[in-house]
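Asker: What follows is a single structure, and I will ask about it in a moment.
The values are calculated or read from the model by the stated rules, or taken from the named source; none is laboratory data. For clarity, every value in this text was computed on a predicted model and none was experimentally measured. Using ideal geometry, Cβ is built from the backbone for each residue, glycine included, and neighbour counts are taken over all protein chains shown. Heavy atoms of the whole protein, side chains included, go into the accessibility calculation; ligands, DNA and RNA do not. Shrake-Rupley method; radii C 1.70, N 1.55, O 1.52, S 1.80 Å.
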Amino acid sequence: MDFFAEHGRDLPWREPTASPWAILVSEVMLQQTPVNRVLRVFGQWMARWPDPTSLAADTPADVIRIWGRLGYPRRALRLHAAATVITARHTGVVPDNVETLLLLPGIGEYTARAVAAFAFHRRTPVVDTNVRRVLSRVVRGVDEPREPATAADRAEMATLLPLEPAKAARFSAAVMELGALVCSARSPACGWCPLADRCRWRMAGSPPGQARRAVQTWHGTDRQVRGRIMAALRASDGPIPEVTVAQLSADTEQGLRCLASLLADGLAVRVDSVHIALPD
DNA sequence: GAGACGTGGGA
DNA sequence: TTCCCAAGTCT
(Lines give C-alpha, C1' and ligand atoms only; values in the text may rest on other atoms or scores of the structure.)
Protein backbone atom coordinates (compact mmCIF):
# COMPACT_ATOMS: atom_id res chain seq x y z
CA MET A 1 0.00 0.00 0.00
CA ASP A 2 3.02 2.27 0.47
CA PHE A 3 3.97 1.40 -3.10
CA PHE A 4 0.49 2.36 -4.26
CA ALA A 5 0.55 5.67 -2.39
CA GLU A 6 3.85 6.56 -3.98
CA HIS A 7 3.57 5.13 -7.49
CA GLY A 8 -0.14 4.65 -8.16
CA ARG A 9 -1.29 6.43 -11.30
CA ASP A 10 -3.60 9.42 -11.13
CA LEU A 11 -6.59 8.16 -13.08
CA PRO A 12 -9.92 10.00 -13.34
CA TRP A 13 -11.93 7.09 -11.91
CA ARG A 14 -9.64 7.09 -8.85
CA GLU A 15 -10.37 10.71 -7.95
CA PRO A 16 -12.14 11.05 -4.59
CA THR A 17 -14.92 12.85 -6.45
CA ALA A 18 -15.46 10.03 -8.95
CA SER A 19 -19.10 8.88 -8.80
CA PRO A 20 -20.16 5.23 -8.56
CA TRP A 21 -21.40 5.59 -12.14
CA ALA A 22 -18.00 6.84 -13.30
CA ILE A 23 -16.35 3.89 -11.58
CA LEU A 24 -18.79 1.43 -13.12
CA VAL A 25 -18.25 2.89 -16.60
CA SER A 26 -14.48 2.75 -16.19
CA GLU A 27 -14.55 -0.86 -15.03
CA VAL A 28 -16.59 -1.98 -18.03
CA MET A 29 -14.34 -0.06 -20.42
CA LEU A 30 -11.26 -1.57 -18.79
CA GLN A 31 -12.39 -5.15 -19.38
CA GLN A 32 -9.63 -6.62 -21.56
CA THR A 33 -8.65 -3.11 -22.58
CA PRO A 34 -5.49 -1.10 -21.72
CA VAL A 35 -5.79 2.00 -19.52
CA ASN A 36 -4.31 4.33 -22.12
CA ARG A 37 -6.97 3.43 -24.64
CA VAL A 38 -9.78 3.83 -22.13
CA LEU A 39 -8.61 7.29 -21.11
CA ARG A 40 -9.33 8.67 -24.58
CA VAL A 41 -12.99 7.66 -24.48
CA PHE A 42 -13.80 7.90 -20.79
CA GLY A 43 -13.78 11.69 -20.54
CA GLN A 44 -15.92 12.12 -23.61
CA TRP A 45 -18.36 9.50 -22.34
CA MET A 46 -18.75 11.00 -18.86
CA ALA A 47 -19.15 14.53 -20.23
CA ARG A 48 -22.04 13.37 -22.37
CA TRP A 49 -23.59 10.86 -19.96
CA PRO A 50 -22.75 11.93 -16.39
CA ASP A 51 -25.33 9.52 -14.92
CA PRO A 52 -27.18 6.32 -15.88
CA THR A 53 -30.41 8.13 -16.71
CA SER A 54 -28.83 10.37 -19.34
CA LEU A 55 -27.26 7.34 -21.00
CA ALA A 56 -30.51 5.40 -20.94
CA ALA A 57 -32.22 8.30 -22.70
CA ASP A 58 -29.91 8.11 -25.72
CA THR A 59 -29.87 5.50 -28.49
CA PRO A 60 -27.58 2.47 -28.81
CA ALA A 61 -26.33 4.03 -32.07
CA ASP A 62 -24.96 7.04 -30.18
CA VAL A 63 -23.44 4.74 -27.57
CA ILE A 64 -21.73 2.53 -30.16
CA ARG A 65 -20.29 5.57 -31.95
CA ILE A 66 -18.80 7.10 -28.82
CA TRP A 67 -17.46 3.67 -27.86
CA GLY A 68 -15.49 3.88 -31.09
CA ARG A 69 -12.52 1.56 -31.34
CA LEU A 70 -12.41 0.43 -27.72
CA GLY A 71 -13.21 -3.10 -28.89
CA TYR A 72 -15.85 -5.63 -27.86
CA PRO A 73 -18.74 -3.28 -28.77
CA ARG A 74 -21.22 -5.60 -27.07
CA ARG A 75 -19.89 -4.01 -23.89
CA ALA A 76 -21.27 -0.65 -25.05
CA LEU A 77 -24.66 -2.21 -25.69
CA ARG A 78 -24.68 -3.91 -22.29
CA LEU A 79 -23.63 -0.72 -20.53
CA HIS A 80 -26.58 1.01 -22.17
CA ALA A 81 -28.82 -1.85 -21.05
CA ALA A 82 -27.41 -1.64 -17.52
CA ALA A 83 -28.15 2.09 -17.45
CA THR A 84 -31.70 1.33 -18.52
CA VAL A 85 -32.12 -1.18 -15.67
CA ILE A 86 -30.59 1.21 -13.13
CA THR A 87 -32.93 3.96 -14.29
CA ALA A 88 -36.06 1.82 -14.37
CA ARG A 89 -35.55 -0.37 -11.32
CA HIS A 90 -33.11 1.49 -9.06
CA THR A 91 -34.31 5.09 -9.43
CA GLY A 92 -31.20 5.93 -11.39
CA VAL A 93 -28.88 5.02 -8.50
CA VAL A 94 -26.04 2.54 -9.01
CA PRO A 95 -26.59 -0.49 -6.72
CA ASP A 96 -24.15 -0.66 -3.81
CA ASN A 97 -23.85 -4.42 -3.31
CA VAL A 98 -22.34 -7.32 -5.23
CA GLU A 99 -25.52 -9.38 -5.43
CA THR A 100 -27.53 -6.62 -7.14
CA LEU A 101 -24.68 -5.47 -9.35
CA LEU A 102 -24.31 -9.03 -10.66
CA LEU A 103 -27.83 -8.84 -12.06
CA LEU A 104 -26.86 -6.01 -14.42
CA PRO A 105 -25.98 -6.89 -18.03
CA GLY A 106 -22.25 -6.91 -18.69
CA ILE A 107 -21.40 -6.95 -14.98
CA GLY A 108 -19.73 -10.20 -13.93
CA GLU A 109 -17.87 -11.50 -10.90
CA TYR A 110 -14.95 -9.13 -11.31
CA THR A 111 -16.77 -5.91 -12.17
CA ALA A 112 -19.47 -6.33 -9.52
CA ARG A 113 -16.81 -6.58 -6.81
CA ALA A 114 -14.72 -3.78 -8.25
CA VAL A 115 -17.69 -1.39 -8.17
CA ALA A 116 -18.79 -2.55 -4.71
CA ALA A 117 -15.27 -2.05 -3.33
CA PHE A 118 -14.05 1.05 -5.16
CA ALA A 119 -17.33 2.97 -5.22
CA PHE A 120 -18.92 1.83 -1.95
CA HIS A 121 -16.02 0.50 0.13
CA ARG A 122 -17.53 -2.91 0.48
CA ARG A 123 -15.04 -5.35 1.94
CA THR A 124 -14.99 -7.87 -0.90
CA PRO A 125 -12.07 -9.47 -2.74
CA VAL A 126 -11.45 -7.86 -6.14
CA VAL A 127 -9.52 -10.26 -8.35
CA ASP A 128 -8.67 -9.38 -11.92
CA THR A 129 -5.92 -10.79 -14.10
CA ASN A 130 -3.33 -8.61 -12.33
CA VAL A 131 -4.31 -9.71 -8.84
CA ARG A 132 -4.51 -13.30 -9.96
CA ARG A 133 -0.98 -13.14 -11.37
CA VAL A 134 0.46 -11.45 -8.27
CA LEU A 135 -1.14 -13.96 -5.90
CA SER A 136 -0.05 -16.84 -8.08
CA ARG A 137 3.56 -15.69 -8.10
CA VAL A 138 4.03 -14.19 -4.64
CA VAL A 139 1.94 -16.61 -2.58
CA ARG A 140 2.00 -19.86 -4.54
CA GLY A 141 5.33 -19.45 -6.33
CA VAL A 142 4.05 -20.30 -9.80
CA ASP A 143 3.35 -18.40 -12.99
CA GLU A 144 -0.04 -19.50 -14.15
CA PRO A 145 -1.48 -18.94 -17.63
CA ARG A 146 -3.81 -15.99 -17.94
CA GLU A 147 -7.37 -17.09 -17.25
CA PRO A 148 -10.41 -15.44 -15.68
CA ALA A 149 -10.23 -15.40 -11.88
CA THR A 150 -11.88 -18.25 -10.01
CA ALA A 151 -13.74 -18.47 -6.73
CA ALA A 152 -10.57 -20.00 -5.28
CA ASP A 153 -8.62 -16.88 -6.29
CA ARG A 154 -11.20 -14.70 -4.55
CA ALA A 155 -11.09 -16.87 -1.44
CA GLU A 156 -7.32 -16.53 -1.32
CA MET A 157 -7.51 -12.76 -1.73
CA ALA A 158 -10.18 -12.58 0.97
CA THR A 159 -7.75 -13.96 3.55
CA LEU A 160 -5.35 -11.12 2.82
CA LEU A 161 -7.78 -8.18 2.97
CA PRO A 162 -7.34 -5.60 5.75
CA LEU A 163 -10.26 -5.56 8.18
CA GLU A 164 -11.25 -1.95 7.64
CA PRO A 165 -13.44 -1.84 4.48
CA ALA A 166 -12.02 1.32 2.89
CA LYS A 167 -8.52 0.03 3.52
CA ALA A 168 -9.45 -3.33 1.99
CA ALA A 169 -10.60 -1.58 -1.19
CA ARG A 170 -7.35 0.37 -1.34
CA PHE A 171 -5.44 -2.87 -0.82
CA SER A 172 -7.15 -4.48 -3.82
CA ALA A 173 -6.38 -1.45 -5.95
CA ALA A 174 -2.77 -1.57 -4.76
CA VAL A 175 -2.31 -5.22 -5.71
CA MET A 176 -3.88 -4.54 -9.11
CA GLU A 177 -1.52 -1.63 -9.65
CA LEU A 178 1.49 -3.70 -8.62
CA GLY A 179 0.49 -6.29 -11.19
CA ALA A 180 0.00 -3.67 -13.87
CA LEU A 181 3.16 -1.64 -13.27
CA VAL A 182 5.71 -4.04 -11.76
CA CYS A 183 4.60 -7.67 -11.69
CA SER A 184 3.65 -7.68 -15.37
CA ALA A 185 3.03 -10.79 -17.41
CA ARG A 186 5.93 -10.61 -19.82
CA SER A 187 8.71 -8.60 -18.21
CA PRO A 188 8.27 -8.28 -14.44
CA ALA A 189 10.43 -5.57 -12.86
CA CYS A 190 11.39 -7.55 -9.77
CA GLY A 191 14.13 -5.03 -8.97
CA TRP A 192 11.43 -2.46 -8.23
CA CYS A 193 9.03 -4.79 -6.48
CA PRO A 194 8.27 -4.12 -2.80
CA LEU A 195 7.46 -7.81 -2.38
CA ALA A 196 10.63 -9.14 -4.03
CA ASP A 197 12.13 -10.30 -0.72
CA ARG A 198 9.10 -12.44 0.11
CA CYS A 199 8.00 -13.61 -3.34
CA ARG A 200 7.95 -17.40 -3.60
CA TRP A 201 8.14 -17.27 -7.39
CA ARG A 202 11.24 -15.10 -7.27
CA MET A 203 12.81 -17.28 -4.58
CA ALA A 204 12.22 -20.28 -6.83
CA GLY A 205 14.15 -18.58 -9.65
CA SER A 206 11.12 -17.20 -11.52
CA PRO A 207 10.27 -20.45 -13.32
CA PRO A 208 8.26 -20.05 -16.54
CA GLY A 209 4.67 -21.18 -16.35
CA GLN A 210 2.83 -23.61 -18.53
CA ALA A 211 2.05 -22.14 -21.93
CA ARG A 212 -1.46 -20.87 -22.45
CA ARG A 213 -3.60 -22.71 -24.92
CA ALA A 214 -3.21 -21.25 -28.39
CA VAL A 215 -5.25 -18.12 -29.01
CA GLN A 216 -7.33 -17.87 -32.11
CA THR A 217 -5.38 -16.51 -35.06
CA TRP A 218 -6.65 -13.13 -36.10
CA HIS A 219 -6.24 -12.84 -39.83
CA GLY A 220 -9.36 -13.80 -41.72
CA THR A 221 -11.47 -14.51 -38.64
CA ASP A 222 -15.10 -13.66 -38.10
CA ARG A 223 -13.98 -11.29 -35.34
CA GLN A 224 -11.95 -9.28 -37.81
CA VAL A 225 -14.83 -9.10 -40.28
CA ARG A 226 -17.29 -8.13 -37.55
CA GLY A 227 -14.91 -5.35 -36.60
CA ARG A 228 -14.84 -4.11 -40.19
CA ILE A 229 -18.60 -4.13 -40.43
CA MET A 230 -18.96 -2.20 -37.16
CA ALA A 231 -16.34 0.31 -38.32
CA ALA A 232 -18.29 0.87 -41.54
CA LEU A 233 -21.54 1.34 -39.61
CA ARG A 234 -19.94 3.82 -37.19
CA ALA A 235 -18.40 5.82 -40.03
CA SER A 236 -21.66 6.17 -41.92
CA ASP A 237 -24.28 8.79 -41.08
CA GLY A 238 -27.08 6.58 -42.31
CA PRO A 239 -27.86 3.02 -43.37
CA ILE A 240 -25.46 1.18 -45.63
CA PRO A 241 -26.30 -1.40 -48.33
CA GLU A 242 -26.11 -5.02 -47.30
CA VAL A 243 -24.06 -5.83 -50.42
CA THR A 244 -21.38 -3.39 -49.24
CA VAL A 245 -21.27 -5.17 -45.90
CA ALA A 246 -20.96 -8.57 -47.55
CA GLN A 247 -17.93 -7.34 -49.47
CA LEU A 248 -16.01 -6.47 -46.30
CA SER A 249 -14.81 -10.05 -46.36
CA ALA A 250 -13.06 -11.74 -49.29
CA ASP A 251 -15.52 -14.53 -48.60
CA THR A 252 -19.07 -13.30 -49.21
CA GLU A 253 -20.52 -16.14 -47.19
CA GLN A 254 -18.39 -15.10 -44.23
CA GLY A 255 -19.52 -11.49 -44.64
CA LEU A 256 -23.15 -12.52 -44.51
CA ARG A 257 -22.55 -14.84 -41.57
CA CYS A 258 -20.90 -12.04 -39.62
CA LEU A 259 -23.68 -9.65 -40.47
CA ALA A 260 -26.20 -12.19 -39.21
CA SER A 261 -24.29 -12.52 -35.94
CA LEU A 262 -24.20 -8.75 -35.47
CA LEU A 263 -27.95 -8.57 -36.08
CA ALA A 264 -28.42 -11.35 -33.53
CA ASP A 265 -26.28 -9.44 -31.02
CA GLY A 266 -28.33 -6.28 -31.54
CA LEU A 267 -25.28 -4.37 -32.74
CA ALA A 268 -26.93 -3.78 -36.12
CA VAL A 269 -30.49 -3.70 -37.45
CA ARG A 270 -32.16 -3.98 -40.84
CA VAL A 271 -33.89 -0.75 -41.91
CA ASP A 272 -35.33 -2.24 -45.12
CA SER A 273 -34.80 -5.27 -47.31
CA VAL A 274 -31.34 -4.18 -48.48
CA HIS A 275 -29.98 -1.72 -45.85
CA ILE A 276 -28.27 -2.10 -42.47
CA ALA A 277 -27.78 0.50 -39.70
CA LEU A 278 -26.78 0.94 -36.10
CA PRO A 279 -29.72 0.28 -33.72
CA ASP A 280 -31.94 3.20 -32.62
C1' DG B 1 -16.15 -25.57 -19.58
C1' DA B 2 -14.37 -24.44 -23.89
C1' DG B 3 -14.89 -20.83 -27.25
C1' DA B 4 -16.38 -16.43 -29.09
C1' DC B 5 -15.83 -11.81 -28.73
C1' DG B 6 -12.19 -6.09 -30.99
C1' DT B 7 -8.37 -3.45 -31.06
C1' DG B 8 -3.76 -1.86 -31.06
C1' DG B 9 0.78 -1.60 -28.91
C1' DG B 10 5.07 -3.60 -27.21
C1' DA B 11 8.46 -7.32 -27.26
C1' DT C 1 6.43 -9.85 -38.97
C1' DT C 2 4.40 -12.49 -35.63
C1' DC C 3 3.01 -13.32 -31.17
C1' DC C 4 1.08 -12.11 -26.87
C1' DC C 5 -1.22 -9.35 -23.99
C1' DA C 6 -4.67 -5.63 -21.85
C1' DA C 7 -9.18 -4.07 -14.87
C1' DG C 8 -13.84 -10.29 -18.42
C1' DT C 9 -18.50 -11.74 -19.71
C1' DC C 10 -21.62 -14.62 -21.78
C1' DT C 11 -23.24 -18.78 -24.00
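Asker: Please report, as a whole percent, how much of the solvent-accessible surface of the range A:9-120 comes from carbon and sulfur atoms (probe radius 1.4 Å).
Answerer: 52
Asker: Here's another thing I want to ask about it. Tell me, what is the per residue accessible area of chain A in Å², probe radius 1.4 Å?
Answerer: 52
Asker: Take the solvent-accessible surface of the protein heavy atoms, probe 1.4 Å, and return the percent of it on the range A:129-203 that carbon and sulfur atoms account for.
Answerer: Of all accessible area on the range A:129-203, carbon and sulfur atoms account for 60 percent.
Asker: Could you order peptides A:230-238, A:91-99 by the average number of other Cβ atoms within 10 Å of their residues, highest first?
Answerer: Highest to lowest by the protection proxy: A:91-99, A:230-238.
Asker: Assuming a ≥ b ≥ c are the square roots of the Cα gyration tensor eigenvalues, decide whether the range A:9-120 counts as rounded (a/c under 1.5), prolate (otherwise, with a/b larger than b/c) or oblate.
Answerer: Note, shape of the range A:9-120 comes out rounded.
Asker: Distance between the C-alpha centers of the range A:115-184 and the range A:37-73? Whole Å please.
Answerer: If you average the Cα positions of each part, the centres end up 28 Å apart.
Asker: Measure nothing but the geometry: give the 0 to 90° angle between the long axis through the Cα atoms of A:109-120 and the longest principal axis through the Cα atoms of chain A, rounded to 10°.
Answerer: Long axis of A:109-120 versus the principal axis of chain A: about 70 degrees.
Asker: As an exercise, use a Förster radius of 25 Å and the Cβ-Cβ distance of A:Arg89 and A:Arg48 to find the FRET efficiency, rounded to the nearest 0.05.
Answerer: Step by step, r from the Cβ atoms, then E = 0.60.
Asker: Quick check on the range A:222-277: take the gyration tensor over C-alpha atoms, sort the square-rooted eigenvalues as a ≥ b ≥ c, and tell me if it's rounded (a/c under 1.5), prolate or oblate.
Answerer: Verdict is rounded for the range A:222-277.
Asker: What does the extension gain come out to for A:Ala166 and A:Arg69, with contour length at 0.36 nm per residue minus their alpha carbon separation?
Answerer: This chain segment gains 31.5 nm when fully extended.
Asker: Quick one: grab the alpha carbon gyration tensor of chain A, order the square roots of its eigenvalues as a ≥ b ≥ c, and give me rounded if a/c is under 1.5, else prolate or oblate depending on whether a/b is larger than b/c.
Answerer: In terms of gyration-tensor shape, oblate.
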